[in-house]
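Computed from the coordinates by the stated procedures, all read-outs in this text should not be read as laboratory data. For clarity, every value in this text was computed on a predicted model and none was experimentally measured. Glycine gets a Cβ as well: all are built from the backbone with ideal geometry, and neighbour counts include every protein chain shown.
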Amino acid sequence: MKTVTQKAEKDLVRPGRRVFLANAELVVKFLAFFALLLPLARFLGFTPPAKPKFFEVNKVLKEGGFIIEADFILFDIANEPIAVSRTCTHLGCKLNYHELEGVLICPCHKSQFGKDGKRLAGPARLDLPIFTVEKIGGTDITGYIVAIS
Amino acid sequence: MKWFVEGKWGAKSLVALYLSVLSGLVLALQYDLSVPFYSTGTLELIVPFGAFWRSLHFFSSQFFFLLLLVHLAAVLTARYFYQVDKAVLSSKTPVKNTGKDGERWLKLVLSVPVALLLLFTGYILRADATGASAGIIAENIIVSIPLVGNWLNSVLFNISSSGMKVVYANHLIGLGVFWGYLVWEHLRKYRVSWRNNGLVVMLVLVVSLIWVAPIEPFSPGVFHISGPWFFIGLQEMLRIVQPVWAGIIFPGLALLLLYQVVRGRQYTSIAFMGGVLWCVIYLVFTFVGLFR
């Protein structure tokens, strides 16, 4: 049976083991702490997508025509309605449609986008969001419902 | 040059600010932040004397900021070309150079962008085509600041989430109080009387009676919106430079250079030349924007 003195001597001979264990414990505590922080940070940092707002357009698009609303422009492209966002992806200004040139232009910094929302020129880097459109009235269309997300 | 340096530009600016605050308080009693553009429209069109109070608030604020810039230019001229504090020229008594000199100048330099923000939030509250666009642009620039952008936006603008609430609070109270805190040490020494600045008061009143404060309705056929005059250069810069560089770092550099010049400890000449270069660059962008 080892005496207390013998045990203390052994610890004195192998101090590295104690230090290692103490450090390992600290590392485990840190890892556990960060393991708990990560889900918390992910949880708090996540912004759920906004609930879509449904907007009813009670007009019918002419062939190749367009309808301007506050948040989007509805285009008829090959007999299909496409709703393109009017919010510029550069700094958020409201885009206007230049009918002659067939492009959406930002009045603030002159970014340009096609009718399909693709970025053509200017400081904006991203394409415009396209919103889902549903026709009202089946074969005899009376309007559209646009889901703005 | 002496008349320019010794001109009481600060006092004139302060009198214009008094007019701005008083007319702003009158406007605030009618302004409805839940329907900001409608409210501005009704003020302009149907509220008795609404157009006058709007004009008075708009032009007195413009006078305040322009005269503040002239005051700043006079201070810089005195310090750089005459190597003397402007207070020495006017009071004939030496200015004590205490340990708080750096803090004093830092507060005064910071008061310039805060005054600019006061003016700018007024533009946003108009909520017309220019105001709405300016607000959204400012919000997006602030959000682009790494780490603290979202927090700063929630304190300063937050238009997309809470409409005009935060901007209104800042325009009416927050920025005014902060500006007052920054300039308190500077202003408490001076007494500015209306009588001695009657010319400025008359000028602001006459201009407000003759000219109408701008308001631009939204229109689908508009392909160019020009920002407030002091941000036309920034607007032009944003076409070619990333928002955080054009909207934060470049203006921040101007403040650093200004602080270095007014503090006058070291590298003053380099900072002064840097400041002049900064102004030239900004003016070039402004002129390009003006004639677009």
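Quick notes on this one:
- Condition met for B:TYR80 (of a type in the set (Ser, Thr, Tyr) and free of Cβ contacts under 8 Å to residues at least 60 places away in the same chain): no
- Restricting the stretch B:132-167 to residues that are small (Gly, Ala, Ser), in contact with a Pro (Cβ under 8 Å, 6 or more places away or on another chain) and within 13 Å of chain A (Cβ to nearest Cβ), the residue that is surrounded by the fewest Cβ atoms within 10 Å (Cβ to Cβ): B:SER144
- Criterion applied to A:LYS110, A:LYS59, A:LYS135 was being out of contact with any His (no Cβ under 7 Å at 6 or more places or on another chain), more than 14 Å from chain B (Cβ to nearest Cβ) and outside any strand (DSSP E or B), and the one residue passing it is A:LYS59.
- Flag if B:VAL276 is within 14 Å of another protein chain (Cβ to nearest Cβ), more than 17 Å from the chain's Cα centre (by Cα) and surrounded by fewer than 18 Cβ atoms within 10 Å (Cβ to Cβ): no
- When residues in the stretch A:40-56 are screened for being of a type outside the set (D, E, K, R) and either part of a helix (DSSP H, G or I) or closer than 19 Å to A:ILE141 by Cβ (or both), 7 of them pass.
- Filter pass, B:PHE250 being surrounded by 14 or more Cβ atoms within 10 Å (Cβ to Cβ) and either away from chain A (no Cβ under 14 Å) or of a type in the set (Val, Ile, Thr) (or both): yes
- Screening A:ILE141 on (1) in contact (Cβ under 8 Å) with a residue 60 or more places away in the chain; (2) part of a strand (DSSP E or B) shows it passes everything except condition (2).
- Here A:PHE46 meets the list (1) within 12 Å of chain B (Cβ to nearest Cβ); (2) of a type in the set (Phe, Trp, Tyr); (3) loosely packed, with under 12 Cβ neighbours inside 10 Å almost entirely, failing just condition (1).
- Between B:PHE230, B:PHE218, the distinction of being touching a strand residue (DSSP E or B) at 6+ places or on another chain (Cβ under 9 Å) and closer than 25 Å to B:THR40 by Cα belongs to B:PHE218 only.
- Residue count for the stretch B:166-195, restricted to those that are more than 15 Å from the chain's Cα centre (by Cα) and more than 13 Å from B:ILE124 (Cβ to Cβ): 14
- Of all residues in the stretch A:75-96 being in a strand (DSSP E or B) and more than 25 Å from the chain's Cα centre (by Cα), the one that is farthest from the other protein chains (Cβ to nearest Cβ): A:GLU80
- Condition met for A:ILE130 (of a type in the set (Val, Ile, Thr), under 27 Å from B:VAL143 (Cβ atoms) and within 14 Å of another protein chain (Cβ to nearest Cβ)): no
- Members of the stretch B:190-241 found to be away from chain A (no Cβ under 14 Å) and among the basic types (Lys, Arg), listed by number: B:ARG191, B:ARG195
- Residue list for the stretch B:40-52, filter: in contact (Cβ under 8 Å) with a residue 24 or more places away in the chain and surrounded by 20 or more Cβ atoms within 10 Å (Cβ to Cβ): B:THR40
- Out of B:VAL26, B:VAL35, one residue alone is under 20 Å from B:LEU175 (Cα atoms), of a type in the set (A, V, I, L, M) and over 15 Å from the mean Cα position of the chain (by Cα). It is B:VAL26.
- Index of the failed condition, A:GLU101 passing every other in (1) more than 14 Å from chain B (Cβ to nearest Cβ); (2) more than 30 Å from B:VAL143 (Cβ to Cβ); (3) in a loop (DSSP other than H, G, I, E, B): (1)
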